[in-house]
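What follows is a set of notes on a single structure, which appears directly below.
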Amino acid sequence: MTTQSEATNHKTISKDMRIGLFIPCYIDMMFPEVGIATLQLLERLGLNVSYPLNQTCCGQPMSNSGDEVNSAPAEHLFVENFKEYDFIIGPAGSCVKQVRCHFDTIDQTDEVKHIRQHTYELVEFLHDILQVDSFPWAEFQHSVAIHNSCSSIRGLGIAKPSEIMGVPFDKTANLLSKVKGLVLVPVDRPDDCCGFGGTFCVTDEAVSARMGLEKAHDHLRHGAEYVVSPDMSCLMHQQGIARRVGLNLKYIHVAQVLNDGPF
Amino acid sequence: MDNANQVDPAKSAELFILHDQVHEPMHDRFLWATMQRRDAEAAAIPEWEELREIASKIKEHTLTHLDHYLEAFEANATKRGAHVHWALDAAEHNEIVFSILKDHGVEEMIKSKSMLQEECQMTPFLQSRGIKVIESDLGERIQQLDGQPPSHIVFPAIHKTRKDVAELFARSVGTDPNNDDPHFLTEVMRNNARPRFLAAGAGMTGGNFAVAETGTFMVCTNEGNADIGASVPPLHIASIGIEKLVPRVEDLGVFLRLLSRSAEGTPLTQYSSHFTGPRKGGELHIVLVDNGRSRRLGMPDFWHSLKCIRCGACMNTCPVYRRSGGLAYGATYSGPIGVILDPTFDEFKYSELPFHSTLCGSCTDVCPVKIDISDQIFKWRRVMAKKGYLPLAKRLSFAVSGHVLGHPEEYHAMEKVAEPAIDYAPHFLLYNRSLNPWGRDRELPQIVKQTFREWYLANRS
Amino acid sequence: MSTFKFSREVILGTIRANVPKQQVEHPQIPVFQHPDRPLKSEFERRLQQAGGASHDVGTMAGAESKLMTLHPGAKVICSAVPEIAGTRRVEKVRDPHELADVDVGIVRARFGVAETGAIWLTQEDLVVDALAVLSQHLIVLLDPDQIVGDMHDAYRRVRLDETSYGCFMMGPSATADVEATLVHGAQGARSLNIFFLPPHSAPPAN
Ligand code: SF4
């Protein structure tokens, strides 16, 4: 049995499908509005979404530092929490990449395999699986620079990396271009890393900060009012830098724009 | 653990950035511009991605048959009149070179750029034995005069301003310190090097590729200095890493189309020179060098790094390298390729290098021979963590968070008493709070009243 | 001559012990199709980008006069080609050091490569290899019909088993080692001029 949502123009989806909402720890605690926007957006699109209450973290910070011993408990818990779901959706490219690419030191049980294959980042889920072609409820009268994170570009294939030759594409831009009023501004170095890099931002503070500052200036130079990203972690870093030096830029998650808030 | 001989790239990079407002931005800008040229050149070749794939496969094929191709190369080069030597390590390489020079009574030698000879620390060795060694590549010469190793495998002095070079030349060769015109500075070194080429008893080169089927090796330069060193002095010695082999002449077409486009955004280097046996009236010695390469071949996670053709594209594209300068890596090889090669020489000394990366993955995508550089950096982190080389602060905090994050009750209990939330939030901000490196250049995110979980419990359950 | 007689066996032995079990096939290198493009103009465009220049000199007399306009002050002109006599014949040179004073070297290239603007020079063309790099300036004769498309075509033409030295030369010597500023004439030739001229059929000058 299928059902059409209020949007009516996206791919029909089975009502029986269970969607597990994966809200990474830092979004839970520092950017709850991103979690709310993601949940509301998926509900608007007619999906049956629930948020497993026992979730903590995907283990990425430890795993990215090479510490598989200490990342394993978090990874096992993640599997426990989400094994019942058909799709697991998270509004965070780097955390989804962690699940998909780096859950490789724990036992590859059927459950682990299922989870690695069915965990999606929000933009790719909307773009590739749901193939949403309009967001009639959304309006955003601002100029926007996109920041696709490196994990999203080179780990998940959300946009063509500039180093690879071929036809350019950018799934985030594609979705945002369907939002009324929104103007996308091009930047000089769209896919040069912003310097967040997880623990890198504190272990390599000087380099990280320099990269972030240049990123902010690139956005500002091209007249962006907002920087919009599928990865709040990069934005947390960029925003911290822009605020410190008093640059007039606002940073929000792509879910907030597509859902028309909360901001 | 004694940290005395551990390289600290983060610290050195910070010094490079804080040094002044000139060097780091210039370094970043030049390398970025090089990348832009590379992108344009690559885009002009419809089969670019196919070429990368073929190049990668040729290298994998060669490496999985390396003993065979080395023997074929040796046989063919010998047949053409070259003397082929085998060096197990750097020390043997240096001894072999020295004994050849000694046998020929050579007192002065001129060399072109060779990362392998850098790796072997050949120049200081020969000089300590009384042989005068002159670098002829301009960038290498600048670094030699300044007593520094090259900071980039293609552009050895890319971290220096023209002013730095003018002052260096004023000190070392007595030119006007205020004349920092690159044309003038280049001309100074041309005129300085010419007599040395003519006086040298031997010329040394490296080798970019060695062709098994003909016994040929190739050297790519822009200055033509390798060609002068090979064609003027009576003796030519080439140091070639055993991983430089390719099976056939036609393979060179693939690699040459990729190499300079990737390295500098030009279709070729100005000189792509092929040496097969000694020149008329000359003598040619080839030293095949292992120095850890055959051991690396047996490392399942890391043997692909042997495919490297030393184009430097991974360095140019690396956002961390561009801001750090190559000297920050404290090793022969810097940038992403250095991060994955250097620990094979000394795991402890270079244990911090794999952490000097954001894992952005750009290096993997740019690499003309498709080395999984970024994945290897990630895997080196695992090696370092297993060996206990994780920085102490990371070790302790990850042990705590590893436990807490695996136990939801404890995690949510912590979350509840968190006041403000940031105190418990992402441990990657937390583990080193006493130094608060987050806050040096960044504001903290604003504190929220209600976590998403709390909102969900209030609105959806 | 090496003092380390066993190293060869140790290296090959370690390789055999360590060589990855998964053997990879040598891939086929396809013939890449390029849109029909005029090879000569592509060659000239690339040559210019590389800092070189080309001239349709037409005849041997045209070549002589072009040489004079390009290098009016040249004292030592060392020629390896029958079409232009020069002031010194390279065949007479016994030792490369004798070329240290050459102002202009003249040589004929077997072919050029459109994709790169490079020409192929061998020991046989140069007679003395050092002519290519010790000459302050270089003039290269090239038959405009001898231009191949890309580097794959080029390698199908070279015979590395027949020459001890072969060089794809793409423009004059260059460096960008000081502040990434491009400067020509680093160590080798300061300039490279290509004269389009089919091989002579008349008897050699001189
Ligand atoms: S690793 Fe790849 S990109 Fe880096 S220098 Fe080697 S070949 Fe070039």
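Residue check: residue B:195 meets all listed conditions (1) surrounded by fewer than 23 Cβ atoms within 10 Å (Cβ to Cβ); (2) assigned to a loop (DSSP other than H, G, I, E, B) but one, namely (2).
Identification of helices (runs of 4 or more DSSP H) wholly contained in segment C:1-119 with 1 or more residues that are within 11 Å of chain B (Cβ to nearest Cβ) yields C:7-18, C:39-49.
Just one of the listed residues (B:133, B:165) is in contact with a Leu (Cβ under 7 Å, 6 or more places away or on another chain) and under 21 Å from residue B:102 (Cβ atoms), namely B:133. Within segment A:146-193, being assigned to a loop (DSSP other than H, G, I, E, B), touching a residue at least 60 places away in the same chain (Cβ under 8 Å) and closer than 16 Å to residue A:121 by Cβ holds for A:147, A:148, A:149, A:156, A:158.
Residues of segment A:126-143 that are crowded, with 23+ Cβ neighbours inside 10 Å and either within 17 Å of the chain's Cα centre (by Cα) or among the hydroxyl-bearing types (Ser, Thr, Tyr) (or both): A:126 alone. Being within 16 Å of the ligand (Cβ to nearest atom) and either assigned by TED's automatic domain parsing to the domain that holds residue B:153 or more than 24 Å from the chain's Cα centre (by Cα) (or both), is that true of even one residue in segment B:196-207? Checked segment B:196-207: at least one residue is within 16 Å of the ligand (Cβ to nearest atom) and either assigned by TED's automatic domain parsing to the domain that holds residue B:153 or more than 24 Å from the chain's Cα centre (by Cα) (or both). Residue A:196 falls short on exactly one of the conditions (1) of a type outside the set (Asp, Glu); (2) within 14 Å of another protein chain (Cβ to nearest Cβ); (3) over 15 Å from residue B:358 (Cβ atoms), and that condition is (3). Is it fair to say residue A:62 is modelled with pLDDT under 80, out of contact with any helix residue (DSSP H, G or I) (no Cβ under 7 Å at 6 or more places or on another chain) and more than 24 Å from residue A:135 (Cβ to Cβ)? When the stated conditions are applied, residue A:62 does not pass them. Among the residues of segment B:346-377, those that are within 12 Å of chain A (Cβ to nearest Cβ), assigned to a loop (DSSP other than H, G, I, E, B) and hydroxyl-bearing (Ser, Thr, Tyr) comprise B:351, B:357, B:358. If we scan segment B:35-54, do we find a residue that is within 23 Å of the chain's Cα centre (by Cα) and facing chain C (nearest Cβ under 7 Å)? Scanning segment B:35-54 turns up at least one residue that is within 23 Å of the chain's Cα centre (by Cα) and facing chain C (nearest Cβ under 7 Å).
Taken residue by residue, segment B:191-199 has at least one member that is within 14 Å of chain C (Cβ to nearest Cβ) and of a type in the set (S, T, N, Q). Set side by side, the residues C:177, C:150, C:161 differ, and just one is acidic (Asp, Glu) and in contact with a strand residue (DSSP E or B) (Cβ under 8 Å, 6 or more places away or on another chain), which is C:150.
Only one of the listed residues (A:68, A:33) is among the charged types (D, E, K, R), within 10 Å of chain B (Cβ to nearest Cβ) and farther than 19 Å from residue A:231 by Cβ. That residue is A:68.
The condition of being modelled with pLDDT of 95 or more, surrounded by 22 or more Cβ atoms within 10 Å (Cβ to Cβ) and not charged (D, E, K, R) does not hold for residue A:115. The conditions of being free of Cβ contacts under 8 Å to residues at least 24 places away in the same chain, under 23 Å from residue B:225 (Cα atoms) and not small (Gly, Ala, Ser) are not met by residue C:124. Residue count for segment A:222-247, restricted to those that are under 16 Å from residue A:192 (Cα atoms) and more than 11 Å from chain B (Cβ to nearest Cβ): 6.
Any idea which of B:60, B:74, B:47 is over 30 Å from residue B:192 (Cβ atoms) and free of Cβ contacts under 8 Å to residues at least 60 places away in the same chain?
Every option except B:47 fails the conditions.
Applying the condition of being within 27 Å of residue C:154 (Cα to Cα) and surrounded by fewer than 15 Cβ atoms within 10 Å (Cβ to Cβ) to segment C:54-71 and asking which residue is nearest to the chain's Cα centre (by Cα) yields C:56. In the set (1) within 7 Å of chain C (Cβ to nearest Cβ); (2) within 29 Å of residue B:34 (Cα to Cα); (3) at pLDDT 95 or above, residue B:214 fails one condition alone, (2).
In segment B:225-244, the count of residues that are touching a residue at least 60 places away in the same chain (Cβ under 8 Å), within 26 Å of residue B:196 (Cβ to Cβ) and facing another protein chain (nearest Cβ under 8 Å) is one or more.
The values are calculated or read from the model by the stated rules, or taken from the named source; none is laboratory data. Predicted, not measured: the structure shown is a model, and the values here were computed from it. All Cβ positions, glycine included, derive from the backbone under ideal geometry; neighbour counts span all protein chains shown.
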